[in-house]
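Structure first, then comments.
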Amino acid sequence: MDFSLSPRAADLRDRVRAFVAEEVEPAERGVHERLVRARESGGDPWTPDPVISALQAKARAQGLWNLFLPRQHAGRYAADFGTDGGEGLTHVDYAPLAEAMGRSFLAPLVFNCNAPDTGNMEVLLRYGTDEQRARWLEPLLRGEIRSAFCMTEPDVASSDATNMAATAVLDGDEVVVNGRKWWSTGVGNPDCKVLVFMGLTDPDAHRHSRHTMVLVPRDAPGVTVERMLTTMGYHDEPLGHGEVSFDDVRVPLGNVLLGPGRAFEIAQGRLGPGRVHHCMRAIGLAERALDLACRRALDRTAFGKPLANLGGNRERIAEARIAINRSRLLVLHAAWLLDQGLGVEAISAVSEIKVEVPRMALEVIDMAIQLHGGAGMSDDLPLAAAWVGARSLRLADGPDEVHRNVVAKIELGRHQATPGAPEAAR
Ligand SMILES: Cc1cc2nc3c(=O)[nH]c(=O)nc-3n(C[C@H](O)[C@H](O)[C@H](O)COP(=O)(O)OP(=O)(O)OC[C@H]3O[C@@H](n4cnc5c(N)ncnc54)[C@H](O)[C@@H]3O)c2cc1C
């Protein structure tokens, strides 16, 4: 196992870190305050703050753009769409970059490396036709449009994707889409122009061949964003999460991804790297919380001592450092396995980190909130929103229980493969 960074990735990591520290983190407060003012005055909180577009232009000019593009699939796109060095990165090389971006709620968008667009772009890269790529992937890579992934439904337990009941029915040279989705991240943004929709096509087929993924233009007749949801009170602008109804929406057959009944193949390909990216960013979030906690612990005095020297605070800080470092190693391990294409081992590793990293981040952020007292609960600091973001991750892209089930299934499968074999022989 080799987690060492290539010289190019080390250089990119340093530049992304510096950009986040010098350009993005100082802009956060202003963006947040303008959002709050827009919401309170009945204005529009969804159109991205011009500060974000200015930062995007600057990042792109420096080649700090589309860095998520994976080496295996990037093809010409990294060179054509502004990634410094003109090539995609391995997952191991991307890990510290995503971590640096994860420190700030703005940064992933600034570098065009935010969910769900990265996952959707990867789907188009891997499975899209030339026509689909020209129409949707290229403007996404330029950051001109945004996208959403519409899988989860309010009426069925969506942690089991075979339950999806919304339909994508083939009708001559068209597909007719009906149903209701929710938690469609990104639909709040006015630049969101394409929805990756998963629907039931053939209820009689094998359970993993019943569903189809279809590209649905956001402005197609019959698509309605019914409402925007909040995560524990946060609106998560400028992307947001919406409930979307699809009422006899007709799109050309050419909008089907990969082929009818092949949604599960795509979901597998899409969600693996996407989950690792979430975990990489969550490590960055935990690092930010620990930075804030340490500064607070040293700068604030109670009962005649810095907070750091009261109670068990030194131990808490040490435990946080240990937990972050342990999680980072697990994430790098999963990234390395993905780079090696190690099927089952990679699947288990991705599910392992999807359980472990949000849990770790929640504990570290909670510790930082506690050290800040009342300030930690307020929106004057990024900690409360960070906690909610990490909490969401215990559900988004599959709840913990489903991922534990994946890990257990693989683990038990190893033993079932060789019944009765002595332990040493396995
Ligand atoms: C912030 C956020 C963003 C999201 N973004 C998107 C998005 O962009 N696109 C999209 O399609 N979806 C998105 N989701 C939805 C998310 O993927 C689903 O909420 C998740 O998959 C769970 O589905 P569900 O809500 O229907 O819960 P259910 O399937 O009803 O499950 C509820 C609970 O049942 C338990 N459970 C389920 N299965 C098992 C099991 N095998 N063993 C034990 N217990 C189990 C778990 O505790 C689980 O949390 C997002 C969610 C959040 C919170």
| query | Which fully enclosed helices (runs of 4 or more DSSP H) of the stretch 1-90 have 1 or more residues being among the basic types (Lys, Arg)? | reply | 7-19, 25-40, 50-61
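Counting just the residues of the stretch 139-166 that are in contact with a Leu (Cβ under 9 Å, 6 or more places away or on another chain) and open to solvent by 40 Å² or more (accessible area, probe 1.4 Å), which one comes out nearest to the ligand (Cβ to nearest atom)? Give the steps one after another, and end with the answer.
Within the stretch 139-166, the first condition is being in contact with a Leu (Cβ under 9 Å, 6 or more places away or on another chain), and the residues that meet it are 140-141, 143, 146-150, 159, 164-166.
Retained after the next criterion (residues that are open to solvent by 40 Å² or more (accessible area, probe 1.4 Å)): 159, 165.
Working: 159: 3, 165: 12 Å.
Checking each candidate, the answer is 159.
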| field | Leading residue by the ranking (farthest from the ligand (Cβ to nearest atom)) among those in the stretch 190-207 that are within 24 Å of the chain's Cα centre (by Cα) and open to solvent by 10 Å² or more (accessible area, probe 1.4 Å) | value | 190
| request: Could you pull out every one of the helices (runs of 4 or more DSSP H) wholly within the stretch 365-426 that has 3 or more residues that are at pLDDT below 95 and over 20 Å from the mean Cα position of the chain (by Cα)? | output: 400-417
| query | So which pairs qualify, if the first residue must be in the stretch 375-403 and in contact (Cβ under 8 Å) with a residue 24 or more places away in the chain and among the hydroxyl-bearing types (Ser, Thr, Tyr), the second must be open to solvent by less than 20 Å² (accessible area, probe 1.4 Å) and within 13 Å of the ligand (Cβ to nearest atom), the Cβ gap must be under 6 Å, and the two must be at least 6 apart or on different chains? | reply | 392/231
| request: Answer with yes or no whether residue 122 is touching a residue at least 40 places away in the same chain (Cβ under 8 Å) and assigned to a loop (DSSP other than H, G, I, E, B). | output: no
| note | Residues of the stretch 185-206 being in contact with a Phe, Trp or Tyr (Cβ under 9 Å, 6 or more places away or on another chain) and of a type outside the set (Gly, Ala, Ser), in sequence order, are 185, 189, 190, 193, 194, 195, 196, 197, 198
| request: Name every residue in the stretch 176-189 that is of a type in the set (Gly, Ala, Ser) and over 16 Å from the mean Cα position of the chain (by Cα), in order of residue number. | output: 179, 188
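Say whether the condition of being more than 13 Å from the ligand (Cβ to nearest atom) and not assigned by TED's automatic domain parsing to the domain that holds residue 32 is met by at least one residue in the stretch 179-189.
no
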| Residue count for the stretch 353-403, restricted to those that are of a type in the set (Asp, Glu), open to solvent by 20 Å² or more (accessible area, probe 1.4 Å) and either touching an Asp or Glu at 6+ places or on another chain (Cβ under 6 Å) or within 13 Å of the ligand (Cβ to nearest atom) (or both) | 2
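Among the residues of the stretch 240-269, write down those that are open to solvent by less than 30 Å² (accessible area, probe 1.4 Å) and at pLDDT below 95. Show your work before the answer.
Initial filter on the stretch 240-269 (open to solvent by less than 30 Å² (accessible area, probe 1.4 Å)): 240-246, 249, 251, 255-257, 259, 261, 263, 266-267, 269.
The answer is 266, 267, 269.
The values are calculated or read from the model by the stated rules, or taken from the named source; none is laboratory data. Quantities reported herein were computed from a predicted structural model and do not represent experimental measurements. Note that we place each Cβ from the backbone using ideal geometry, even for glycine, and neighbour counts take in every protein chain shown. Heads up: the accessible areas ignore ligands, DNA and RNA and are worked out on the full protein's heavy atoms, side chains in. Shrake-Rupley method; radii C 1.70, N 1.55, O 1.52, S 1.80 Å.
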